[in-house]
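Okay, so here's the structure we're looking at.
The values are calculated or read from the model by the stated rules, or taken from the named source; none is laboratory data. Please read these numbers as outputs of a predicted model, since none were measured by experiment. All Cβ positions, even for glycine, are placed from backbone atoms using ideal geometry, and neighbour counts span all protein chains on display. Just the protein is used for accessible areas: all its heavy atoms, side chains included, with ligands, DNA and RNA removed. Shrake-Rupley method; radii C 1.70, N 1.55, O 1.52, S 1.80 Å.
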Amino acid sequence: MTLELHACTYAYRPWTRPVLDGLDYRLPPGVTVLLGPNGAGKSTLLRLAAGVTRPRGGSVTLDGTPSGARAYRRAVAWMPQQVTAMTALTAREQVAYTGWLKGMNRADAWAAAATALVRVDLAGQADTRARRLSGGQLRRVGVAAALVHGARVLLLDEPTAGMDPRQRRVFRDVLATLANEVTVLLSTHDVADLAEESDQVTVLETGRVRYTGSTEGFLAHAPADVAPGRRAEAAYTALSESTA
């Protein structure tokens with residue numbers, strides 16, 4: 001299974017500088033962390049990969065299926081940076097509704113929503129109105145919604161923003177259980193966030209891929225005398241300086 005962006009160009013307006021310009025990117029299997037500063041184009045890349053936004057040039061495919069196809073949209077799940085609470089719905093109802101939108105029947109979506117909430121440690125809030133959840137809890141509802149319909153690819157935009165340390169730990173455990181089931185691309189601007197627990201790392205700066213490869217290869221860019229807890233940050237700094 002291969003999700004691929006080929007020669008993708010995207011600008012918010014025809015007269016502005018492209019956020020991505022002729023980008024080629026193939027998502028490897030496993031868990032990939034997408035690193036980069038704010039404004040690097042991470043969210044744009046994820047929106048293109050999710051089929052939410054169409055490139056102005058180039059193509060986005062999954063095993064040759066174009067991103068506009070229904071089969072593509074059912075196989076790919078996306079969690080945006082801002083997860084909106086559906087005011088009238090409970091957490092379980094919101095997750096089930098997402099499954100229904102992805103083509104599940106209501107009974108299957110309802111059952112799968114309960115399972116997805118268990119996986120993100122929110123079973124106790126299943127019947128709580130989504131608008132009453134904390135920011136971190138609402139983001140975990142977003143992750144559950146991405147999991148509910150059994151997607152083959154998960155695209156997660158800043159999924160740990162607003163989570164406390166315990167919630168982050170739960171989320172990392174969820175990722176570990178998904179490693180053999182789906183391909184995950186997870187963006188963050190925090191270079192220390194999950195980098196050492198991923199299979200691969202991609203570094204995006206000013207709309208261009210500066211590095212993509214194994215996490216071990218990424219961390220090897222850090223100076224030898226750096227403390228283990230600072231290796232990801234040091235590796236990112238070294239890569240940024242080498243391409244400046």
Answer from 202, 188 - the residue that is in contact with a strand residue (DSSP E or B) (Cβ under 8 Å, 6 or more places away or on another chain) and closer than 20 Å to residue 142 by Cα: 188
Residue within the stretch 139-151 that is open to solvent by 10 Å² or more (accessible area, probe 1.4 Å), under 17 Å from the mean Cα position of the chain (by Cα) and over 28 Å from residue 74 (Cα atoms) present: no
Residue ranges of helices (runs of 4 or more DSSP H) in the stretch 120-232 with at least 2 members within 18 Å of residue 81 (Cα to Cα): 135-147, 165-178
Residue in the stretch 222-231 that is β-branched (Val, Ile, Thr) and open to solvent by 10 Å² or more (accessible area, probe 1.4 Å) present: yes
Residue that is surrounded by the fewest Cβ atoms within 10 Å (Cβ to Cβ) [pool: residues in the stretch 89-119 that are among the polar types (S, T, N, Q) and within 22 Å of the chain's Cα centre (by Cα)]: 115
The stretch 49-88 - residue that is without any contact (Cβ under 8 Å) to a residue 24 or more places away in the chain and in contact with a Phe, Trp or Tyr (Cβ under 8 Å, 6 or more places away or on another chain) and, of those, least open to solvent (accessible area, probe 1.4 Å): 65
